[in-house]
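This report concerns only the one structure given below.
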Amino acid sequence: MRTSPRRWWVGAIAVCAALWGGIETAGVFGEEAPPEDEVAAAPETPASELDTGANAWMLTSSALVLFMTAPGLAMFYGGLVRRKNVLSVMMQCLFLMAIMSLVWGLWGYSLAFGDGGRWIGNADYLGMRGVQMEAGQAPMVPGLGIPRLTHMVFQGMFFIITPALICGAFAERMKFSAMVALMVLWGTIVYTPLCHWVWAEGVLAFGADGAFAGGALDFAGGTVVHISSGFSALVCALVLGPRLGYGHDDMRPHNLAFTSLGAAMLWVGWFGFNAGSALAADGLAASAFVVTHFSAAAGAVAWSVVEWVYRGKPSVLGAASGAVAGLVCITPASGFVQPLPAMIMGAAAGVVCFIACAAVKTRFGYDDSLDAFGVHGIGGTLGAILTGIFATRAVAPDYADGLLYSVSEGGPLLVGQIVAVVVTAVFSIVVTLVLLKVIDATIGLRVSQEDEMRGLDLSEHGEEGYIFTG
Amino acid sequence: MKKIEAIIRHFKLEDVKNALNEHGIHGMTVQEVRGYGRQKGHTEMYRGAEYTVDFVPKVKIEVVCSDDNLDRVVDTILKHGQTGEIGDGKIFISDLQDAIRIRTGERGEAAL
């Protein structure tokens with residue numbers, strides 16, 4: 001399947017030579033190198049036949065997941081900050097779309113999905129070799145019917161949104177340069193190993209050889225995306241400290257219309273995130289699509305109702321946050337649970353995340369500006385645990401029944417889920433802490449007090465979000 | 001000449017402006033303002049974080065008129081700015097030393 005490193009160089013030289021040396025040379029190499037390689041590779045992958053339906057859906061899903069980061073998350077987060085910081089948040093999302101894509105293409109995908117063993121990938125796909133087209137043929141992912149290019153770009157979108165989620169914790173006070181350094185390192189050192197552990201037969205993959213406690217079920221990124229980003233976000237909030245004036249200044253969201261629309265875009269994009277994680281356009285994708293939708297709906301209703309009962313009014317921000325909480329919670333479970341349990345999971349997320357944001361944060365006094373931990377860390381953890389309860393072989397026959405359906409299978413599964421949560425959380429916390437300390441000692445994490453008061457739009461980017469004069 | 005500053009409700013602005021226009025007041029300055037008086041503010045809640053908003057948004061109009069015209073102007077604002085509920089606003093009246101039209105240099109009432 002995979003082209004060897006030498007072959008890749010031969011191909012590259014062939015192309016250069018062809019361009020440089022004219023028709024003769026091109027003819028020689030054209031007959032010889034790449035096609036034979038493809039033919040030789042073919043028998044390794046019996047199911048290398050392109051499934052056009054699957055490929056179409058996966059490319060669509062990739063675009064949907066990108067759409068989650070911006071405009072989705074950019075607007076969701078952008079509306080939640082004060083007017084003077086709206087651009088800084090949008091820039092974080094937009095710039096991460098760009099820089100993380102480059103990192104993913106150069107080494108991220110290879111470290112995450114190279115076949116390197118239990119802990120980390122390898123150098124097979126560095127710089128897109130073995131991924132990019134060769135002699136007019138796209139290398140296929142064994143057994144999936146989609147090109148490796150599609151798999152790479154789909155997974156790359158997760159690599160973008162995961163660090164972008166963390167931005168919610170340090171919004172309105174972190175240096176842009178420090179943010180960029182942190183995310184490139186975090187993506188490389190935290191995300192790619194985690195991704196490998198969970199989705200490339202690593203130490204957290206369900207049923208993989210040598211997996212911790214038998215591994216865990218994580219369909220679309222409860223551990224890899226939400227627990228990792230959520231707990232890293234908490235560390236960021238704690239290490240950077242609260243914003244100037246936190247607790248007494250007016251820090252109301254400056255534009256909840258943005259936030260509502262952003263939440264709605266996240267909801268739409270999440271269909272690509274979860275249903276796309278089926279890596280096929282099959283029944284499982286449909287099931288994941290439906291449970292994702294129901295969980296979001298139940299989350300929005302649950303959070304709103306809790307507020308309605310306890311505060312007298314259902315808030316727009318509550319409905320939007322509840323939908324996101326529901327989406328986070330269903331993420332690990334989306335390929336394993338039925339629609340009704342999905343509604344329960346969404347509702348549970350709406351209530352639990354409300355408590356995390358409204359009560360727990362106030363109690364402990366950390367300034368997780370936009371509740372990255374309260375929604376993603378807590379919601380992701382809840383989702384991972386509830387997956388161990390509601391998973392069913394009716395949806396995924398090859399995996400395991402959760403505690404609700406079978407005590408003998410569900411018990412060990414639940415243990416595996418909890419172990420995966422702990423491993424992911426501890427790993428994320430420790431590495432993020434080290435990275436923050438290193439960056440603090442070199443670049444510095446926070447902007448100056450003066451700059452924080454002026455707002456990051458002006459101090460970091462030299463622009464303003466809203467100019468109504470003239 | 002008198003300067004009349006009236007703080008009124010947003011939704012009364014059109015009514016007051018049109019009525020003043022009918023009574024010969026053909027110019028005014030309007031500002032969005034925030035403040036408080038007897039009308040209390042309110043609390044807002046964002047994911048459990050409570051904010052008390054003391055300053056209530058209002059709109060302030062500034063009109064300048066001749067001494068003779070004052071009562072008419074004040075009556076008009078009272079009539080068209082009133083709802084009878086707390087929060088209708090206030091009118092402040094002060095003497096004005098002079099007014100100058102920048103285009104022509106005219107002074108006093110001729111500049112109004």
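The values are calculated or read from the model by the stated rules, or taken from the named source; none is laboratory data. Just so you know, these numbers come straight off a predicted model, no measurement behind them. Methodologically, a virtual Cβ is constructed for each residue, glycine included, from the backbone with ideal geometry; neighbour enumeration extends over all protein chains shown. Accessible surface areas use protein heavy atoms only, side chains included; no ligands, DNA or RNA. Shrake-Rupley method; radii C 1.70, N 1.55, O 1.52, S 1.80 Å.
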| query | Which of the chymotrypsin sites (Phe, Trp or Tyr not before Pro) found in the stretch B:1-107 are loop residues per DSSP with 16 or fewer other Cβ atoms within 10 Å of their Cβ? | reply | B:36, B:55
| request: From largest accessible area down, sort B:38, A:454; use a 1.4 Å probe on the protein chains. | output: B:38, A:454
| field | Choice from B:22, B:44, B:85 with maximal GNM fluctuation in chain B (Cα, 10 Å cutoff) | value | B:44
| Amide H contacts under 5 Å for residue A:140, placed H, 5+ residues apart | A:148
| query | For the stretch A:64-118 and the stretch A:136-173, what is the separation of their C-alpha centers, rounded to whole Å? | reply | 10
| request: Would you mind checking the tilt of helix B:70-81 against the longest principal axis of the Cα atoms of chain B, expressed as 0 to 90 degrees and rounded to 10? | output: 30
| task | Check each of the trypsin sites (Lys or Arg not before Pro) in the stretch B:63-112 and keep only those in coil by DSSP with at most 14 other C-beta atoms within 10 angstrom; list them in order. | result | B:101, B:103
| How big is the accessible area of residue B:95 in square angstrom, nearest 10, if you roll a 1.4 angstrom probe over the protein chains? | 120
| request: Tell me which residues come under 5 Å, amide H to amide H, from residue B:33 once H is placed; ignore anything under 5 positions away on its chain. | output: B:58, B:59, B:60
| field | Karplus 3J(HN,Hα) series, Hz, for the stretch A:204-221 with 6.51 cos²θ - 1.76 cosθ + 1.60 (x for Gly, Pro) | value | 10, 6, 4, x, 6, 4, x, 6, 4, 6, x, x, 10, 8, 9, 5, 10, x
| If you roll a 1.4 Å probe over the heavy atoms of the protein chains, what accessible area per residue do you get for the stretch B:41-112, in Å²? | 64
| Highest-MSF residue in chain B out of B:39, B:97, B:82 [GNM, Cα springs under 10 Å] | B:97
| Expressed as a whole percentage, what fraction of the accessible surface of chain A belongs to carbon and sulfur atoms when a 1.4 Å probe is rolled over the protein heavy atoms? | 67
| request: Take every Cα pair under 8 Å in chain A that's 6+ residues apart, average their separations, divide by the length, and report that relative contact order as a whole percent. | output: 20
| remark: For B:45, A:58, the accessible-area ranking with a 1.4 Å probe, largest leading, is B:45, A:58
| request: Please work out the Kirkwood hydrodynamic radius for the stretch B:2-111, using every pair of different C-alpha atoms, and report it in angstroms with one decimal place. | output: 15.6
| task | For residue B:46, list long-range residues whose amide hydrogen, built 1.01 Å from N in the peptide plane, is under 5 Å from its own amide hydrogen. | result | B:51
| field | Calculated [θ] (222 nm, deg cm²/dmol) that DSSP helices of n ≥ 4 give over the protein assembly as shown, each run adding -39,500 (n - 2.57) | value | -17000 deg cm²/dmol
| 1.4 Å probe, heavy atoms, protein only - residues of the stretch A:295-325 losing at least 50 Å² accessible area vs chain alone | A:311
| said: A drop of at least 10 square angstrom in accessible area, chain alone versus all protein chains together, probe 1.4 Å. Which residues of the stretch B:43-74 meet that? | reply: B:44, B:45, B:46, B:47, B:48, B:51, B:53
| query | By accessible area of protein heavy atoms, probe 1.4 Å, what ranking do A:321, A:177 get, highest first? | reply | A:177, A:321
| remark: To the nearest 10 degrees, the tilt of helix A:283-311 (Cα long axis) against the first principal axis of the alpha carbons of chain A is 10
| said: Using a 1.4 Å probe on the protein heavy atoms only, what accessible surface does residue A:277 show? Give it in Å² to the nearest 10. | reply: 20
| said: Summing both sides, how much accessible area is buried between B and A? Use a 1.4 Å probe and give Å² to the nearest 100. | reply: 1000
| request: Binning at 20 Å from 0, report for chain A what percent of all alpha-carbon pair distances ends up in each bin. | output: 25, 54, 19, 2, 0
| query | How far is helix A:23-41 tilted off the main Cα axis of chain A, in degrees rounded to 10, range 0 to 90? | reply | 70
| message | Please list, in order along the stretch A:374-383, the HN-Hα scalar couplings obtained from phi with the Karplus expression 6.51 cos²θ - 1.76 cosθ + 1.60 (θ = phi - 60°), rounded to whole Hz, x for Gly and Pro. | response | x, 9, 8, x, 6, x, x, 5, 4, x
| message | Residue by residue through the stretch A:81-91, what is 3J(HN,Hα) from phi via Karplus (6.51 cos²θ - 1.76 cosθ + 1.60, θ = phi - 60°)? Round to whole Hz and write x for glycine and proline. | response | 8, 6, 3, 6, 10, 4, 5, 4, 6, 5, 5
| said: Compute accessible area for the stretch A:346-360 by itself and then with all protein chains, 1.4 Å probe, and report residues whose area falls by 20 Å² or more. | reply: A:358
